[in-house]
1. Assign one of three labels to the range 120-162, namely rounded, prolate or oblate, based on the Cα gyration tensor with a ≥ b ≥ c the square roots of its eigenvalues; rounded applies when a/c is under 1.5, prolate when it is not and a/b is larger than b/c, and oblate otherwise.
2. What's the angle, to the nearest 10 degrees (0 to 90), between helix 3-23's Cα axis and the longest principal axis of the chain?
3. Give me, ordered by chain and number, the residues 5 or more places off PHE261 or on other chains with an amide H under 5 Å from its own placed amide H.
4. For the range 1-110, what number of Lys pairs, 8 or more residues apart or on separate chains, have alpha-carbon atoms under 30 Å from each other?
5. Is the range 15-169 rounded, prolate or oblate when judged by the Cα gyration tensor, a ≥ b ≥ c being the square roots of its eigenvalues, rounded requiring a/c under 1.5 and prolate requiring a/b larger than b/c?
6. In what sequence, highest mean first, do 47-54, 348-355 appear when ranked by Cβ atoms within 10 angstrom?
7. Pick out which of PHE191, PHE106, PHE160 has the largest mean-square fluctuation in a Gaussian network model of the chain, springs linking Cα atoms closer than 10 Å.
8. Trypsin sites (Lys or Arg not before Pro) within the range 253-320: which are DSSP loop residues with at most 15 other Cβ atoms inside 10 Å?
Amino acid sequence: MSEKNKKENKDDLMEKIVSLCKRRGFVFQGSEIYGGLAGTWDWGHFGVALENNIKQNWWKKFVDGRRDMYGVDAAILMRQEAWQASGHVEGFHDPLVECKKCHHRFRADQTEGKCPDCGGDFGEVQQFNMMFKTHIGATEDGSSVSYLRPETAQGMFVNFKNTVDAFHPKLPFGMAQIGKAFRNEIAPRDFIFRVREFEQMEIEYFVRSEDWEKYFEYWKGEMLDWMEEIGIDMNKVHEIEVGDGDRAHYSKRTVDFEFNFPFGQKELFGLAYRTDFDLKNHKLDYIDEEKGEKIVPHVVEPTFGVGRAILAVLLSAYHEDEKGGEVRSYLKLKPNIAPVICAVSPLLKNKPELVEYANAKVYAPLKAEFGRVAWDDNGNIGKRYRRQDEIGTPFCIVVDFDTLKDDMVTVRDRDTGEQDRIKVADLKKYIKEKI
Ligand code: GAP
């Protein structure tokens, strides 16, 4: 395939994903009816479901599934002193250039030579702080300045003492948080990949200084395991050692997990050794009872963007094949992640006996058990299958006239299209075994 065709194919894949996400109610452009707000996206019903499943899976593995992890849900707004101490006021910058002619602004590391919009010359590179600044209360002076947090991490560091005092954890232990972060990106782009408002899932793992390398390797393995668990195509994941000049101001070692997105190999998640940088700057310490001394623990930080996790999962799950002479697109999502586990349909929606049976004996009990169950009686069965395939629903259950006689339903598998006849009484068990 020529380079041009390869590029077109890749652009095509992103277009297909963006269009599927809108058509099927996963993701919409933020403020769309007012022309859109760059770098913001809104999640629709199935997007929220996918997002919740991914977050719940993460929490289950990294918090509920462990004995050494403490959850936090800190306020997004914090006192400006926290961001001064963390180094973000001083150092959370991206390089910016402005075109002298049209005054459009770009990230200096993403443009070369002339302005791509008008061909004009660029001025000097300036440092642009990416935090959204605001004022707390009615007074707009220096003392009321605050910022929307650019990482959830600081919400954990500022609660380090509270957590230690409340739970008396022994080292090593971790704090975990899922929440919104905001960055005034100069060039938001690539759908939900680089946005201005997003969610992070972060862990601050506190260790003795001499142990950091051991736990860095350990967390690398845990991160890779989780990526596989949610269905990210591991052949497209690369571990990249981030060089000296490219690491964040707090990090002494960073490994980025990059993914082959259609628009290039880019950062998916990151793992950083933050040393004692944050705790020291917040003037926090810890009494190590084992050693009988006051120490400042060191931090290994696995960090995950929710939106990027979703994009990698969608790109890994998107498939096309041919069914009945037509191209069908489907999301091969793992059942534990899929927004809908199964869809229930009466074969014909104008036959009350089928609708009644499907509703009372199949849909209602499955809905009560799994929640993520859809009722779908729109269009013919072929259309319903196509729709559920695009949502990534692993099983479609159809109630037909035979069901009324033998209490068995057809269960169709999303990936193979194969159909099984299953007893209605066995449906819960059948589905539980698959998720
Ligand atoms: N606490 C460390 C930290 O924030 P980061 O590498 O700047 O590190 C962590 O961000 C993760 O957040 C990234 O690996 C990525 O998944 C996600 N992320 C960062 N900036 C983002 C943006 N503008 N849009 C979407 N996700 C982003």
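The numbers here are math on the coordinates, done by the rules we state, and not lab data. What you see is a predicted model; the values in this text were computed from it and never measured. Virtual Cβ from ideal backbone geometry, glycine too; neighbours counted across all protein chains shown.
1. Oblate, because a/c is 1.5 or more while a/b does not exceed b/c.
2. So the helix axis and the longest Cα principal axis differ by about 70 degrees.
3. Excluding prolines and chain starts, which carry no amide H, the hits are LYS266.
4. 11
5. oblate
6. 47-54, 348-355
7. PHE106
8. Here the sparse-neighbourhood loop sites are LYS283, LYS291.
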